[in-house]
Amino acid sequence: MTPGEHAPDPREARSPAEFLACLQALKVWSGLTHRELSARAEAHGDDLPRSTVGNMLSRPTLPREELLTTFVRACGVTPAEVEDWQTVRNGLAARGGAPAWPGADEGPDGDAEPDGDAAPDPDPEPGADLGGVADPGGGRPGPRSRIRRGLVAVVALAGLVLAGVSVVAFLRDGHGGHPPRTPTAPAAGDVRIRVVGTEYCLGERRGPRTGQVHQVPCAAAGLPGYSLAEVGGGRWRIVSDHPDSGPGCSGIPSGGRIPDAAYEDSECGDPTRVESFALEAYGTPVEGYRIVPVGSATPGSCVTVVGDRSAAWARLAQAPCAPDAAGQLFDFDRED
C-alpha cells in the first residue's frame, strides 16, 4: 500500500458495480498478491483460498458477507472500516442490486457444486416408450416406437446443428461477451474513453491523486473527466479535469525514455512529459483507435492496458504497438 494513502472508501459505492470496483481498488491499495492475501487471512484464523479471491473480484455480483469480511481484513483495513464495508454491502443487497454469490452449494474455491444427495433419474421401465407410449411385445420396441425414436433423434440433431450455427454467427458478429459497438471517432470536446471490446473506461482511483490511469468499470468511471483538444498536425491533447487537483493532461513521463512508463494524468505543460498523441484508426472497417505518444523516446509505442486486461484497475502504460492491437484500442464516447 502507498504510505499515507487512505484505503478506498466503500461508502462512495452506489451500485454493485461500483462496490466491486472499490474491492478491486482495495486489493491494489493493499499491494498484496492473491497468495499473500491468503497467507494473511490464515494468520487471522480465516480461510481465503487464492482462487476464491480471483473469483470474487471477477464476478459481477456481491460477495457473501463472510467472504467480504475475510478479504477486507486481509487487505489491512481497520475494524471500523471492516464495518463500513459490511454495512454498504448489506445495504446494496437489501435494495436488490444483485444477488450474493454463490449459492448454498459452494465449493472450497467459491464455485458452485452439484448437490451430491440428489437421486439419479430412474431408468425407464421395460416396455415403456420414451415418448410415453407402451411398446407392443412385452418390452421389445415395435415399428411405431422405432419410428418415434428415429424422429426424436432427427429433430434433436437438427436442433444441435441450428444451435451451433447460431453460436458461430453470434461470435462472428462480435457478440461474444459484449455487444458490438461502432467506435466513435475522436472529436474535440468532452469524452469518455472506452477500452474497445470491454465494459471498461479510463479513470483514476478515488482519494489522494496519484495520476496513474487505470481501466475501471464504465458504470463507476467519471473521475477525472476527460476531453480532447486538437493541437495541430493531426495531434491531440487529452485533457483531464480532476475535482480535487483541477485541470491537467494525460501523458508519458520522462519523455517516454522508459519503455513501460506509466500513462498518467498530471499538470499540463511539463516539458519532460509527452503530452501530445496521434489517435490512429485501426482495422478495416475501423475497430478502434490507438493512442500513440508523439515524440516518445521509445518509438513504436502505444498506450496499452497492461497486466490482467480482463480485470478492473489494470493500469495503462507505454508499450510496443502490437500487430493485433490487443489492449491498445479505444473509442471516444462523446459526453453531452
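Each value in this text was obtained by applying a stated rule to the coordinates, not by laboratory testing. Source: prediction; values computed, not measured. A quick note on method: Cβ atoms are made from the backbone with ideal geometry, for glycine too, and the neighbour counts reach across all protein chains shown.
Maximal additional length on extending the A297-A281 stretch stands at 3.5 nm, based on 0.36 nm per residue less the C-alpha distance. With Cα atoms defining each centre, the range 247-313 and the range 189-238 are spaced 11 Å apart in the structure.
Put +1 on the Cβ of each Lys and Arg and -1 on the Cβ of each Asp and Glu in the range 1-69; which of P60, A7, A39 then has its Cα farthest toward the positive end of the dipole? In the range 1-69, that residue is P60. Sorting 68-77, 182-191, 256-265 by their mean Cβ neighbour count within 10 Å, with the most densely packed peptide first, gives 68-77, 256-265, 182-191. Modelled spin labels at D190 and T272, positioned 7 Å past Cα toward Cβ, are 3.3 nm from each other. Taking every alpha-carbon pair in the range 10-94 and binning the separations at 5 Å intervals from zero gives 3, 16, 29, 29, 17, 6, 0 percent.
How do D308, D46, D331, D324 line up, fewest other C-beta atoms within 10 Å first? Please report the intermediate quantities before stating the final value.
Values: D308 12, D46 16, D331 22, D324 8.
So the ranking, lowest neighbour count to highest, is D324, D308, D46, D331.
Between A322 and E65, the modelled label-to-label distance comes to 4.2 nm, taking each label 7 Å out from Cα in the direction of the beta carbon.
May I ask for the Kirkwood hydrodynamic radius of the range 252-310, worked out over all distinct Cα pairs and given in angstroms to one decimal? Provide the component values of the computation, followed by the final result.
Details: mean 1/r = 0.0803 Å⁻¹.
For the range 252-310, the Kirkwood estimate is 12.5 Å.
Each of D333, D244 was scored by other Cβ atoms within 10 Å of its Cβ. Arranged with the fewest first, they read D244, D333.
Once you charge only the Cβ atoms, +1 for Lys and Arg and -1 for Asp and Glu, what is the size of the charge dipole of the range 218-285 about its Cα centre, to the nearest 20 debye?
Working: 4 positive and 10 negative charges, 43 e Å.
So the magnitude is around 200 debye.
Just to check, using Stokes-Einstein with a Kirkwood Rh over alpha carbon pairs, what's the diffusion coefficient of the range 181-336 at 25 °C and 0.890 mPa s in µm²/s?
Values: Rh = 15.2 Å.
Answer from the Stokes-Einstein relation: 161 µm²/s.
Exposure proxy check: W236, W313 ranked by fewest other beta carbons within 10 Å?
Working: W236 21, W313 24.
If I rank by nearby Cβ atoms, fewest first, I get W236, W313.
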